[in-house]
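Where a number appears in this text, it was derived from the coordinates with a stated rule and is not lab data. In this text, all values refer to a predicted model and were calculated from it rather than measured experimentally. Cβ placement follows ideal geometry from the backbone for every residue including glycine, while neighbour counts extend to all protein chains displayed.
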Amino acid sequence: MNIRVRVGEFRVDDHIRDAVLRVLGSERISEGKETRNFEAGFAKFVGTKHAVAVNSGTSALIAGFLALKNPKDKKPVRALTSPLTYIATANAIAITGTEPVFADVDSETLCLDSEAAEDLLEKDYAASIRLIVPVHLMGYVCDMDRFRTLASKNHLRLFEDSSQAHGSSYKGKRAGSMSHASSFSFHIAHNIQAGELGAVLTNDIDIARRVRMIKANGRICDCLLCTRPQGRCPKFGKGQEWDPRFLHAEIGYNFKTMEFPTAIASAQIARAEDIAAKRRDNVRTLNDLLKKHSDMLRLPKYSDDVSYLGYPLVITNPKKLNRSRLQTSLETNGVETRPLFGCIPIHQPSFAHLKKKYKGKLPNAEYLGANGFYIGCHQYLSEDDLHFVADAFKKSLKDTAR
Ligand SMILES: Cc1ncc(COP(=O)(O)O)c(C=O)c1O
């Protein structure tokens with residue numbers, strides 16, 4: 001059978017078509033006014049002073065972690081994060097020369113557990129931890145009050161990986177606004193979709209400046225729009241021999257984006273509240289339709305504060321119901337599925353060197369990583385689609401449960 005209910009869908013409406021045509025009409029496709037407009041609009045949406053656009057959520061993590069690094073740190077340092085996340089979180093920590101250390105997650109919200117994090121901060125190697133990276137998985141927001149207290153008590157930097165939580169909130173504050181810096185991904189499966197795009201958010205102008213440098217090969221320019229054509233470049237005064245675009249104060253990357261994805265994302269920011277509300281309605285309806293299976297599947301916790309990336313489910317007894325067989329059957333019955341990312345040090349081959357150290361130490365993440373999966377709850381699903389999902393579950397559970 002063809003897949004009818006996908007994890008996410010991208011549809012082109014007039015707003016998106018206009019955005020792309022506007023970029024083409026401007027005859028400027030590399031970063032310019034659209035990108036600055038996106039940065040201002042998204043910073044306002046999240047509630048931070050600054051947003052810096054980069055070409056992916058992974059780039060946002062790398063640039064953000066580098067910007068938070070203390071250049072005086074000569075010894076190897078560590079970052080405390082969640083083991084249950086998309087691999088990019090741990091990859092970016094490792095790529096920026098830091099060792100990831102993992103604390104367990106809360107089994108209901110899937111988020112890094114603040115108590116487990118606190119316990120870990122009392123271990124003997126805690127002195128080398130410089131950064132805490134809570135991940136707001138599936139739109140659930142971590143306990144940020146506790147993380148803020150932990151960070152300030154231990155003089156650590158705090159960075160929210162908010163890639164999956166556009167528009168989620170915690171005690172009236174938006175995900176991504178409660179740390180020294182945060183990152184978002186606008187990958188195609190997310191609640192604001194632009195294909196490939198990321199952003200770093202912060203209230204600290206120095207962090208924003210550093211991210212602007214790092215994303216452009218470390219060049220010294222940090223003007224929002226180039227003032228050189230008007231002869232007003234602050235870095236190209238009298239006696240300055242070098243064009244500042246080619247003067248590099250530190251080693252960096254090319255993480256710049258194009259005008260197309262930022263224009264597309266801006267068109268969606270305007271509707272982000274409606275998108276999140278429709279996803280919440282779908283989660284409520286699915287919870288109603290599937291509650292008769294809750295002996296076999298743990299359904300997601302509902303909250304008005306969550307902007308759901310997907311609809312996560314957890315198998316209650318893996319001896320009676322095998323995840324892989326259920327996923328295959330659901331896909332045969334027209335419902336696309338994804339695993340819940342896995343517990344990084346236990347399930348991901350690229351971090352296999354940590355398996356022995358963590359085996360049995362992260363029981364919730366290990367269980368969820370092996371027995372959790374998610375399906376779509378996106379804004380384009382109709383009432384009929386949700387009933388189609390319920391029928392697919394009925395058939396698949398009948399065929400696969402022992
Ligand atoms: C939690 C998390 N962090 C980071 C990323 C990386 O974002 P991107 O795919 O845009 O590089 C993702 C992407 O899905 C993610 O879910």
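Listed values, structure above:
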read-out: Calculated from backbone phi, Karplus (6.51, -1.76, 1.60) coupling profile of region 156-164 in Hz, x at Gly/Pro; value: 10, 7, 10, 9, 8, 7, 9, 3, 10
read-out: 5 angstrom amide H check on residue 140, placed H, neighbours 5+ away; value: none
read-out: Sorted by Cβ neighbour density within 10 Å, fewest at the top, the residues 343, 226; value: 226, 343
read-out: Virtual spin-label span in nm between residue 294 and residue 274, 7 Å along Cα→Cβ; value: 3.2 nm
read-out: Separation in nanometres of the label points that stand 7 Å from Cα toward Cβ, at residue 15 and residue 2; value: 2.7 nm
read-out: For the chain, projected area of the alpha-carbon convex hull averaged over all directions, nm²; value: 21.2 nm²
read-out: Mean separation of Cα contacts under 8 Å, 6 or more apart, over the residue count of region 272-400: relative contact order %; value: 34 percent
read-out: In order through region 130-147: 3J(HN,Hα) via Karplus (6.51 cos²θ - 1.76 cosθ + 1.60), integer Hz, x for Gly, Pro; value: 10, 9, 10, 10, x, 10, 8, 6, 6, x, 6, 9, 5, 6, 5, 4, 5, 5
read-out: In nm, spacing of pseudo-spin labels at residue 107 and residue 123 (7 Å Cα→C-beta vector); value: 2.1 nm
read-out: Percent antiparallel among DSSP beta bridges (both partners in the chain, rounded to 5); value: 60 percent
read-out: Fewest-first sequence of 84, 381 by Cβ atoms within 10 Å of each Cβ; value: 381, 84
read-out: The chain: calculated mean residue ellipticity at 222 nm from DSSP helix runs of at least 4, using -39500 (n - 2.57); value: -11000 deg cm²/dmol
read-out: Distance from region 2-23 to region 219-266 (C-alpha centre basis), Å; value: 31 Å
read-out: Where only alpha carbons of region 272-400 are counted, the Rg and the Dmax (Å); value: 15.7, 47
read-out: For the chain, Cys with no neighbouring Cys Cβ under 4.7 Å; value: 221, 223, 226, 233, 343, 377
read-out: Contour minus Cα-Cα distance for residue 146 and residue 301 (0.36 nm per residue); value: 53.7 nm
read-out: 3J(HN,Hα) from dihedral phi, region 306-311, Karplus parametrisation 6.51/-1.76/1.60, rounded to Hz, x for glycine, proline; value: 9, 9, 6, 6, x, 10
read-out: 204, 222 arranged by Cβ crowding within 10 Å, fewest neighbours leading; value: 204, 222
read-out: Rounded to 5, percent antiparallel among DSSP beta bridges of region 54-159; value: 10 percent
read-out: Average Cα contact separation per residue, the chain, under 8 Å, 6 or more apart, as relative contact order %; value: 23 percent
read-out: Pairwise FRET efficiency - residue 242 versus residue 383, Cβ, R0 = 51 Å, nearest 0.05; value: 0.25
read-out: Distant-in-sequence amide H partners of residue 101 (H built 1.01 Å from N, under 5 Å); value: 79, 80, 81
